[in-house]
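All remarks here apply to the structure that follows.
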Amino acid sequence: MDGAAVLALMDLNMQEMYREDTRATAGGFIVERDGMMLCGSPQGSEFTNMLVVVGRGRASAIRSALDATFRAAGLPCSVWTRAHADGPLENELRREGFEYLLTVPAMMLTNDVPDPSAPPELELRRVTDDAGRRDYLGVMVPAWGVYGIDAESTACHFPTVESLVGPMKTAFVAYRENAAVAGAILYLSHEVAGIGWVGTVPEACARGYGAAVTWAVVREGRRRGARFSNLQASPLGAPVYRRMGFTTPTDYHVFVLRG
């Protein structure tokens, strides 16, 4: 595949990951119009209540969509643009009053990168029932709490077993001495293994557990025919993924509208 084809597939898989996450979220809603995809929920955070630019957008239309979908209801929200496609639009957004917040590395791993063994003290299990869902949630709440996301906002994404298990989803939990310490989800679409909701409980960080559950998703994606693996990296996750062999073909830029 050439670079443009890889970027297109990364975008499509990223969009479908967030659609699928929103479909499973309590109170989740999706609006798609005019080159924009809006995903959110009443309990969503500034990052998960998102307008993703998927086509040729205009800053004024983006502002109107945010106002109608999120801001009128008092919901926090953000706009995600593509570094490889939306440079002129980003300049428009700044003129419209949007503030640049952060860069999210868009990372991919080719199938020729070998996967190592997990740390010997870990047991990796698929989520198959409500007990596994509760264990997964017990990891994600403190893992994402380090970024200031409250427990209710994280919990609303995993209300049922079906939020973690389905035709395109497989969730894994890593256990140490029978205690859940890390987790991640496969979102398979467009022949790409999307990796989402990677987290480790804070007291177990820096031991290779996040990498272990990420490798579990990569292996499952490869087994199911994925052409490569794809993720959007958090600040703490990005260095881990680079050590695993992920590269960063592009970035997503996050903008917010204050006031």
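Of all residues in segment 81-94, which are open to solvent by 30 Å² or more (accessible area, probe 1.4 Å) and over 23 Å from Phe228 (Cβ atoms)?
Once the filter is applied, which keeps residues that are open to solvent by 30 Å² or more (accessible area, probe 1.4 Å) and over 23 Å from Phe228 (Cβ atoms), segment 81-94 yields Gly87, Pro88, Asn91, Glu92, Arg94.
Condition first: among the charged types (D, E, K, R) and free of Cβ contacts under 8 Å to residues at least 60 places away in the same chain. Now tell me which residues in segment 158-180 satisfy that. Reasoning before the result, please.
Filtering segment 158-180 for residues among the charged types (D, E, K, R) gives 162, 169, 176-177.
Within segment 158-180, Arg176, Glu177 meet the criteria.
Farther than 28 Å from Glu152 by Cα and either surrounded by fewer than 21 Cβ atoms within 10 Å (Cβ to Cβ) or at pLDDT 95 or above (or both): is that true of Asp21 in this structure?
Details: farther than 28 Å from Glu152 by Cα: no; either surrounded by fewer than 21 Cβ atoms within 10 Å (Cβ to Cβ) or at pLDDT 95 or above (or both): yes.
It is false that Asp21 is farther than 28 Å from Glu152 by Cα and either surrounded by fewer than 21 Cβ atoms within 10 Å (Cβ to Cβ) or at pLDDT 95 or above (or both).
Residue check, Val54 against (1) open to solvent by less than 20 Å² (accessible area, probe 1.4 Å); (2) closer than 17 Å to Asp86 by Cβ; (3) not aromatic (Phe, Trp, Tyr), all met but one. Which one?
Every listed condition holds for Val54 apart from (1).
Collect the residues in segment 224-236 that are within 14 Å of the chain's Cα centre (by Cα) and open to solvent by less than 10 Å² (accessible area, probe 1.4 Å), keeping them in residue-number order.
Within segment 224-236, Ser229, Asn230, Leu231, Ala233 meet the criteria.
Here are the criteria: (1) more than 24 Å from Arg222 (Cβ to Cβ); (2) among the β-branched types (Val, Ile, Thr); (3) assigned to a loop (DSSP other than H, G, I, E, B). Tell me which single one Val113 does not satisfy.
Tallying (1) more than 24 Å from Arg222 (Cβ to Cβ); (2) among the β-branched types (Val, Ile, Thr); (3) assigned to a loop (DSSP other than H, G, I, E, B), Val113 fails exactly one: (1).
Would you confirm whether or not segment 185-200 contains a residue that is farther than 30 Å from Ala8 by Cβ, touching a helix residue (DSSP H, G or I) at 6+ places or on another chain (Cβ under 9 Å) and of a type in the set (D, E, K, R)?
So the first thing to find is which residues in segment 185-200 are farther than 30 Å from Ala8 by Cβ, and the list is 200.
From what is left, the residues that are touching a helix residue (DSSP H, G or I) at 6+ places or on another chain (Cβ under 9 Å) are 200.
Going one step further and asking which of them are of a type in the set (D, E, K, R), we end up with none.
No.
Is it fair to say Ala131 is surrounded by fewer than 24 Cβ atoms within 10 Å (Cβ to Cβ) and more than 30 Å from Val113 (Cα to Cα)?
Working: surrounded by fewer than 24 Cβ atoms within 10 Å (Cβ to Cβ): yes; more than 30 Å from Val113 (Cα to Cα): yes.
Answer is yes for this residue.
Consider Ala26 against the criteria (1) assigned to a loop (DSSP other than H, G, I, E, B); (2) buried (at least 18 other Cβ atoms within 10 Å of the Cβ); (3) of a type outside the set (Ser, Thr, Tyr): it satisfies all of them except one. Which criterion is unmet?
(2)
Going through segment 237-248 one residue at a time, which ones are over 14 Å from the mean Cα position of the chain (by Cα) and farther than 18 Å from Pro116 by Cα?
Thr248
For segment 183-217, which residues satisfy the criterion of being part of a helix (DSSP H, G or I) and over 15 Å from the mean Cα position of the chain (by Cα)? Quick ask: steps written out before the conclusion?
So in segment 183-217, the residues part of a helix (DSSP H, G or I) come out as 202-204, 209-217.
Result: Pro202, Glu203, Ala204, Tyr209, Ala211, Ala212, Trp215, Ala216.
Test of understanding: among Ser64, Ser60, Ser78, which residue is loosely packed, with under 15 Cβ neighbours inside 10 Å, touching a residue at least 12 places away in the same chain (Cβ under 8 Å), of a type in the set (Ser, Thr, Tyr) and out of contact with any Pro (no Cβ under 9 Å at 6 or more places or on another chain)? Spell out how you get there, then give the answer.
Details: Ser64 fails: touching a residue at least 12 places away in the same chain (Cβ under 8 Å); Ser78 fails: loosely packed, with under 15 Cβ neighbours inside 10 Å.
Of Ser64, Ser60, Ser78, the one residue that is loosely packed, with under 15 Cβ neighbours inside 10 Å, touching a residue at least 12 places away in the same chain (Cβ under 8 Å), of a type in the set (Ser, Thr, Tyr) and out of contact with any Pro (no Cβ under 9 Å at 6 or more places or on another chain) is Ser60.
Taking the condition crowded, with 16+ Cβ neighbours inside 10 Å, of a type in the set (D, E, K, R) and farther than 30 Å from Leu164 by Cβ, does Asp11 pass?
no
Any residue at all in segment 95-102 that's open to solvent by less than 40 Å² (accessible area, probe 1.4 Å) and out of contact with any Leu (no Cβ under 9 Å at 6 or more places or on another chain)?
No: zero hits.
The values are calculated or read from the model by the stated rules, or taken from the named source; none is laboratory data. Note that the structure is a prediction, hence the values are computed from the model and not measured. Neighbour counts run over all protein chains shown; Cβ positions are idealised from the backbone, glycine included. Protein only, heavy atoms only, side chains kept; ligands, DNA and RNA dropped before computing areas. Shrake-Rupley method; radii C 1.70, N 1.55, O 1.52, S 1.80 Å.
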